[in-house]
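Enquirer: I'd like to ask you about the structure that follows.
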Amino acid sequence: MTHASLLHQITDYANRANPYPLYEKLRGTPVLHDEVGGPYLISSYWDILSLLHDPRISSDAANLAAAGADETGGVEATGLPPSFIRLDPPEHDRLRRIANRPFGPPHSPRRIDSMRGELAEIVTGLIDDFRDAAQIDLVDRFAYPFPVTVICRLLGVPREDEPRFRAWVDPIVAGLDPDTGPNGEESRHTAQEARLQLGMYLAGLVEQRRRNPGQDMLSQLATGHGTDGPMTTMEAISTSVLLLIAGHETTVNLITIGMLTLLRHPEHLVRLREEPGLAVNIVEELLRYEPPVQLVPQRTCIADIEVRGVTIPKGSRIWLVLAAGNRDPERFPDADRFDPYRKDIQHLGFGSGIHSCFGAPLARLEAQIALAELARRLEGPRLVEDPPPYRRNAVLRGPRHLTVAFDGVRP
């Protein structure tokens, strides 16, 4: 097997249901390079962790484009500036601090925890709607509507507009897939157009909030003032696009693949029903064992970097394969076993460093409440199809549908 073929297999949809044997092979060459100009793939836990904190690794969209990657997020493509996850310091740091003011510590330390009751209420209502069913698609009936409802309320986006932005979000997310296939140019164009349309929609909401602010995050992004100054209108729009997409897309996959994993390990599902507090450990182990973000392909070296004796030249693209690092046996004993009682779960599921997941506290809480209530209330849940059909995306991996049969719904 050549290095190039291994890279192709990792992005090939045919291997989406179980990429982990390929990651094991990848770790045999911890710094893998496709000699015909492809990216360097990094697959060991400690190397990934180090590079996530290395200032010589750039996230800036301009550097990535200069390295020869196709881009869908530049100003030239859509008229919108990149979001802060596609920027380097100091601009990244300034915009992230402004965005974080209404979202979490130190300025809003109880924002997420205060939502616990509201999240439980949404989950209860969704599961109540299962009462007359013998089986459901967990994605369409639960894992998607739950985080979408939450992020809409948090941002202040009208829930009735959800069908409109879902039509935009799907192609934007598809555009993140490094394997766009023979229709790559069309896929990139569709993603650009969708991001522009979503940006225009959110621009209208931002302008409304400037005139009539409320308590939602859009209002605070549009009108807030702190030591870093206000966001410009374009920065507020790009940040809102990021929060709307990131605020639900990975959480959908986390909840879905969490239930899939528990149904494959029914002894842990039973324990969760008996011990709801176990949800905290289960979610952390899921983020290690089956992370919703499998790899980070949008990084560029801005200086020569040596990794394991291999010099990665300045200007090279790097893919950090988080899911391979999360199962690195040099870091985690018995790494291919799902073990919610694992003592040390310092995973890469939310990344690390300055670009660690902005919404991690909310995603954790949503998944904990969702999985604990599904375990408690569904009687005799079982998989109808295993493996289920997966989304095409190699970066944001998760089932597109998950059909679950059950005998009833407890009060």
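No value in this document is a laboratory result; all are computed from the given coordinates. Keep in mind it's a predicted model, so treat the numbers as computed, not measured. Every residue, glycine as well, gets a Cβ built from its backbone with ideal geometry; the counts of neighbours run over all protein chains shown.
Enquirer: Local charge sum around Leu322 (other residues, Cβ-Cβ under 14 Å, Lys/Arg +1, Asp/Glu -1)?
Expert: Counting the neighbours of Leu322, the net charge comes to +3.
Enquirer: Which is farthest toward the positive dipole end of the chain among Ala303, Met217, Gly125, measuring Cα position about the Cα centre, with Cβ charges +1 (Lys, Arg) and -1 (Asp, Glu)?
Expert: Checked the options; the winner is Met217.
Enquirer: Okay, next question. Once you place label points 7 Å from the Cα toward the Cβ at Arg159 and Glu385, how far apart are they in nm?
Expert: Between Arg159 and Glu385, the simple spin-label model gives 2.9 nm.
Enquirer: Under unit Cβ charges (Lys, Arg +1; Asp, Glu -1), what dipole magnitude, rounded to 20 debye, does the chain have relative to its Cα centre?
Expert: Taking the Cα centre of the chain as origin, the dipole is about 720 debye.
Enquirer: For the range 101-151, just the Cα set please: Rg and Dmax, both in angstrom.
Expert: Considering the range 101-151 through its Cα atoms, Rg and Dmax are 14.2, 46 Å.
Enquirer: For the range 327-411, take the convex hull of the Cα atoms, compute a quarter of its surface area, and give me that in nm², please.
Expert: Its Cα hull, projected and averaged over all orientations, spans 7.9 nm².
Enquirer: Pick from Ala167, Ala61, Ala194: which is most flexible by mean-square fluctuation in a GNM of the chain where alpha carbon atoms under 10 Å apart are linked?
Expert: Top of the fluctuation ranking is Ala167.
Enquirer: Next question. Given the options Asp228, Asp88, Asp339, state which has the largest fluctuation in a GNM of the chain using a 10 Å cut-off (strictly under) for Cα springs.
Expert: Judging by the Gaussian network model, the answer is Asp228.
Enquirer: What is the sum of charges, Lys and Arg at +1 and Asp and Glu at -1, for the other residues whose Cβ falls under 15 Å from the Cβ of Pro90?
Expert: Values: positive: Arg86, Arg94, Arg96, Arg97; negative: Asp60, Asp88, Glu91, Asp93, Asp228, Glu235.
Charge balance near Pro90 sits at -2.
Enquirer: Express in whole angstrom the spacing between the alpha-carbon centres of the range 324-368 and the range 146-225.
Expert: With the range 324-368 and the range 146-225 each reduced to a Cα centre, they are spaced 27 Å.
Enquirer: Still on this model: Sort 125-131, 237-243 for me by packing, meaning the mean count of neighbouring Cβ atoms within 10 Å per residue, highest on top.
Expert: The packing order, highest mean first, is 237-243, 125-131.
Enquirer: Let me ask something additional. Tell me whether the range 3-409 comes out rounded, prolate or oblate; compute the Cα gyration tensor, take square roots of the eigenvalues as a ≥ b ≥ c, and use a/c under 1.5 as the rounded threshold.
Expert: Since a/c reaches 1.5 but b/c is at least a/b, the shape of the range 3-409 is classed as oblate.
Enquirer: Further question on the same structure: Add +1 for every Lys or Arg and -1 for every Asp or Glu among the other residues with Cβ under 13 Å from the Cβ of Leu119, and state the total.
Expert: -1
Enquirer: To the nearest 20 debye, what is the magnitude of the charge dipole of the range 221-374 about its Cα centre, counting +1 on the Cβ of each Lys and Arg and -1 on the Cβ of each Asp and Glu?
Expert: Magnitude of the dipole: close to 280 debye.
Enquirer: Same structure again: Regarding the range 261-394, what are the three Cα extents along the principal axes, ordered largest first, in Å?
Expert: Here the spans come out as 56, 33, 28 Å, largest first.
Enquirer: Specify whether the C-alpha gyration tensor of the range 367-410 places it in the rounded, prolate or oblate class, a ≥ b ≥ c being the square roots of the eigenvalues: rounded for a/c under 1.5, otherwise prolate if a/b is larger than b/c and oblate if not.
Expert: In terms of gyration-tensor shape, oblate.
Enquirer: Stretch Ala167-Ala133 to full length: gain in nm at 0.36 nm per residue minus the Cα-Cα span?
Expert: Stretched out fully, the Ala167 to Ala133 stretch lengthens by 9.5 nm.
Enquirer: Just want the answer: with Cβ charges of +1 for Lys and Arg and -1 for Asp and Glu, which residue in Ile245, His268, Asn100 is farthest toward the dipole's positive end in the chain?
Expert: Asn100
Enquirer: Now for a different question. Considering only Tyr390, Tyr144, Tyr341, give the residue with the highest GNM mean-square fluctuation for the chain, with springs between Cα atoms whenever their separation is below 10 Å.
Expert: Tyr341
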